[in-house]
Amino acid sequence: MIITRQKPLDEVLRYIRKAEKVFLVGCGECSTTCKTGGEKEVFAMKAALEKNGITITGWIMPSAPCVAAQIKTEFAKHIKEVKEADSILILACGLGAQSVRENDRFGKIVHIACDTLFMGEIDKEGVFKERCSACGECVLELTGGICPVTLCAKGLLNGPCGGVDKGKCETDNERDCAWVLIYNELKKRDSLDRLRQIRPPKDHSKTNKPRQLDLTASSLSVK
Ligand code: SF4
Ligand code: SF4
């Protein structure tokens with residue numbers, strides 16, 4: 001899931017001119033779960049903008065605005081309201097926002113209502129945890145299912161570093177050392193031998209951006 005947080009209303013209002021007509025786009029998946037772009041938040045944004053003299057021409061709630069086909073279909077259904085607007089305000093992640101820009105054939109100004117924070121697990125309602133940084137070369141098999149790229153402050157592949165203190169990280173004594181967690185996890189599963197395998201440096205070419213995966217051509221490329 002992509003974790004987002006709404007920008008302060010003041011900031012959003014700074015993006016929009018007083019007499020501007022705005023069309024709103026929410027997100028029925030991640031942003032609904034994060035309470036940043038679900039129906040409730042879209043209506044709240046509509047009310048807040050109208051209170052500030054901004055006209056809302058309409059709104060849509062695609063289940064996932066990051067899917068081109070969905071945004072195209074929704075825009076087609078609301079073509080009059082989109083056409084009438086000067087701009088589109090997106091209550092979704094950066095993927096949704098860019099998909100909206102790429103699939104809006106009228107070339108409207110795009111405003112962003114949310115900050116995109118990270119890919120996260122849902123721990124419990126309203127609590128999200130970053131656990132993977134999409135490094136393109138997963139090492140979880142060797143680390144007991146705990147990601148050192150994300151959980152170790154230095155992203156070490158062969159830890160721990162010399163700074164570990166009573167199981168805590170030298171950068172923050174409230175934070176567990178990822179490599180102590182990995183050690184304990186492997187020990188629990190009688191798999192400590194995995195720590196004997198030296199993990200080679202990461203192939204950072206796999207994180208060259210922007211990446212594109214094309215299943216039809218079975219190719220991962222930078223485009
Ligand atoms: S090693 Fe960590 S960052 Fe890389 S793919 Fe696996 S979980 Fe994600
Ligand atoms: S103390 Fe542990 S988590 Fe912190 S930087 Fe060193 S190895 Fe990484």
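FYI, it's all coordinate maths here, none of it is from the lab. Nothing here was measured: the structure is a model prediction, and the numbers come from that model. Positions of Cβ are backbone-derived with ideal geometry, glycine not excepted, and every protein chain shown enters the neighbour counts.
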Seminar exercise, completed: Taking a straight Cα-to-Cα line shorter than 26 Å from K206, and setting aside same-chain lysines fewer than 8 residues away, one finds K129, K154, K223
Problem set entry | Rg/Rg_ref, segment 2-118, where Rg_ref = 2.2 N^0.38 Å and atoms are Cα | 0.93
Exercise. For segment 134-207, what is the per residue volume of the convex hull drawn over the alpha-carbon atoms, in cubic angstrom?
Worked result: 90
Problem set entry | trypsin sites (Lys or Arg not before Pro) restricted to DSSP loop in segment 149-204 with at most 11 other C-beta within 10 Å | K166, R189
Problem set entry | HN-Hα J in Hz across segment 198-214 - Karplus 6.51, -1.76, 1.60, θ = phi - 60°, x for Gly and Pro | 7, 7, x, x, 5, 8, 6, 5, 6, 10, 4, 10, x, 7, 9, 10, 10
For this session: Please report H204, H111 as a ranked list, fewest other C-beta atoms within 10 angstrom at the top and most at the bottom.
Result: H204, H111
Exercise. Which whole-Hz ³J(HN,Hα) couplings does segment 62-74 yield from phi under the Karplus relation 6.51 cos²θ - 1.76 cosθ + 1.60, θ = phi - 60°, glycine and proline marked x?
Worked result: x, 5, 8, x, 6, 9, 3, 4, 5, 5, 4, 4, 5
Problem set entry | 5 Å binning of all Cα-Cα separations within the chain, expressed as whole percents from 0 upward | 1, 7, 12, 14, 14, 12, 10, 10, 8, 6, 4, 2, 1, 0
For this session: Just list whichever of K7/K209; K21/K46; K7/K46; K21/K108 have alpha carbons separated by over 19 Å in the model shown.
Result: K7/K209
For this session: Taking the Cα centre of segment 2-118 as origin, work out the dipole magnitude from +1 charges on Lys and Arg Cβ and -1 charges on Asp and Glu Cβ, in debye rounded to 20.
Result: 200
Problem set entry | As computed over segment 53-184, the Cα convex hull volume per residue (Å³) | 167
